[in-house]
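Q: Questions regarding the structure given below will be posed in turn.
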Amino acid sequence: MSNKLIEVKNLKKYFNTPMGNLHAVDDVSVSIDRGKTLGVVGESGCGKSTLGKTIIRLHEPTEGEVLFKGENIFDYSKKDMKKLRSSIQIIFQDPYSSLNPRMTVSRLIAEPLISNKIYKSKREMEDRIKSLMETVGLSGRLYNAYPHELDGGRRQRIGIARALAMNPDFIICDEPVSALDVSIQAQILNLLMDLQEELELTYLFITHDLSVVKHISDEILVMYLGQSVEKAPYKELFDNPIHPYTKALLGSIPKPILGERGKIRNTIKGEIFTPINPASGCRFAKRCDYAKEKCYVEDPVFIEVSENHFVACHI
Ligand code: SF4
């Protein structure tokens with residue numbers, strides 16, 4: 001039996017704009033095994049968040065399939081999708097803007113339980129909220145607190161508790177630590193990893209920061225302007241990056257040297273191709289030091305170059 005929880009096949013999401021079709025996600029295929037994490041990395045505008053939102057139909061796809069437990073969810077009716085939403089959850093980047101400031105912590109965590117009519121008695125509901133608060137490391141004294149009284153880390157813990165409320169199998173983590181201080185980032189990442197082990201969760205972890213996904217991912221997909229450019233197990237990607245864009249991203253991770261904290265080693269220079277009705281050829285060509293004539297006219301194919309290591313590059 002296949003261990004794949006989710007399979008994305010040739011997924012495309014184009015947006016109509018006055019200038020033409022914006023190719024936000026362009027023919028992406030990936031799969032994630034149960035209990036594993038796929039990290040999705042790329043700069044802002046590479047399509048990684050659109051990929052996550054299209055997988056769970058917060059955006060309707062232009063083309064392609066998403067198989068969840070073997071069934072194509074793009075064939076689901078609205079009613080089927082409503083049922084599926086308990087199994088698939090999303091954690092957003094900015095916990096503050098995704099939480100209603102007029103609700104207490106307990107009410108915020110209760111929301112998905114109330115809208116899905118999970119508990120009949122108030123007592124059962126309170127017990128579940130307290131247990132979820134404990135699971136995500138929120139002290140019981142915060143039961144009646146409001147989001148503005150909490151720091152970013154605790155607010156994100158509310159977001160995680162809400163995502164866990166319906167016992168999901170799959171969680172899309174959309175830049176869940178990007179708005180947090182570095183010390184709090186580590187706490188939230190550790191919490192997500194502990195929960196994964198305890199509850200056998202499967203994650204799609206979206207971030208612009210390769211150093212963040214290193215610790216949490218089993219595999220990493222690098223995206224550039226809507227397309228997959230490299231995918232490999234995390235260690236292989238860090239030890240043996242092949243695509244020039246992946247190498248540039250790795251080169252831009254701040255150096256942990258005393259006195260040089262936060263210093264950026266390299267930034268990626270050059271003109272960015274337009275994702276609106278993009279021309280043929282490699283979309284990274286104008287920024288690539290190795291670009292040759294062929295790169296400007298022929299699309300590189302995403303191929304397996306060694307076991308489970310895929311790259312789209314003419315060299
Ligand atoms: Fe650079 Fe060409 Fe490879 Fe694109 S296909 S990354 S332009 S070498």
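The values are calculated or read from the model by the stated rules, or taken from the named source; none is laboratory data. Since we're looking at a predicted model, the values are computed, not measured. Here the Cβ positions follow ideal geometry from the backbone for every residue, glycine too, while neighbour counts run over all protein chains shown. Note: accessible area is taken over every heavy atom of the protein model, side chains too, but ligands, DNA and RNA are not part of it. Shrake-Rupley method; radii C 1.70, N 1.55, O 1.52, S 1.80 Å.
Q: Among the residues of region 281-293, write down those that are over 17 Å from residue 28 (Cα atoms), open to solvent by less than 100 Å² (accessible area, probe 1.4 Å) and more than 7 Å from the ligand (Cβ to nearest atom).
A: 286, 287 - these are the residues of region 281-293 that are over 17 Å from residue 28 (Cα atoms), open to solvent by less than 100 Å² (accessible area, probe 1.4 Å) and more than 7 Å from the ligand (Cβ to nearest atom).
Q: May I pose another question? Mind listing whichever residues of region 182-196 are over 16 Å from the mean Cα position of the chain (by Cα) and without any contact (Cβ under 8 Å) to a residue 24 or more places away in the chain?
A: Scanning region 182-196 gives 182, 183, 186, 190, 194.
Q: Within the set of pairs 6 or more residues apart or between chains, which connect a residue that is within 12 Å of residue 106 (Cβ to Cβ) and assigned to a helix (DSSP H, G or I) inside region 118-146 to a residue that is open to solvent by 60 Å² or more (accessible area, probe 1.4 Å) and among the aliphatic types (A, V, I, L, M) with Cβ atoms less than 8 Å apart?
A: 125/114; 125/118; 128/118
Q: Name the single residue, out of those in region 211-264 being farther than 14 Å from residue 38 by Cβ and among the hydroxyl-bearing types (Ser, Thr, Tyr), that is modelled with the lowest pLDDT.
A: Filtering region 211-264 for residues that are farther than 14 Å from residue 38 by Cβ and among the hydroxyl-bearing types (Ser, Thr, Tyr), the one modelled with the lowest pLDDT comes out as 252.
Q: Being of a type outside the set (A, V, I, L, M, F, W, C), closer than 18 Å to residue 176 by Cα and touching a helix residue (DSSP H, G or I) at 6+ places or on another chain (Cβ under 8 Å) narrows it down to one of 147, 101, so name that one.
A: Answer to the check: 147.
Q: Taking the criterion of being open to solvent by 70 Å² or more (accessible area, probe 1.4 Å) and free of Cβ contacts under 8 Å to residues at least 24 places away in the same chain, would at least one residue in region 147-164 satisfy it?
A: Scanning region 147-164, I find at least one residue that is open to solvent by 70 Å² or more (accessible area, probe 1.4 Å) and free of Cβ contacts under 8 Å to residues at least 24 places away in the same chain, so the answer is yes.
Q: Now for a separate question. Can you say whether residue 271 is at pLDDT below 95, open to solvent by 20 Å² or more (accessible area, probe 1.4 Å) and either within 12 Å of the ligand (Cβ to nearest atom) or of a type in the set (Asp, Glu) (or both), as far as the supplied structure shows?
A: Yes.
Q: Which one is modelled with the lowest pLDDT, of the residues in region 112-141 that are under 13 Å from residue 160 (Cα atoms) and of a type outside the set (Ser, Thr, Tyr)?
A: Restricting to residues being under 13 Å from residue 160 (Cα atoms) and of a type outside the set (Ser, Thr, Tyr), the top hit is 112.
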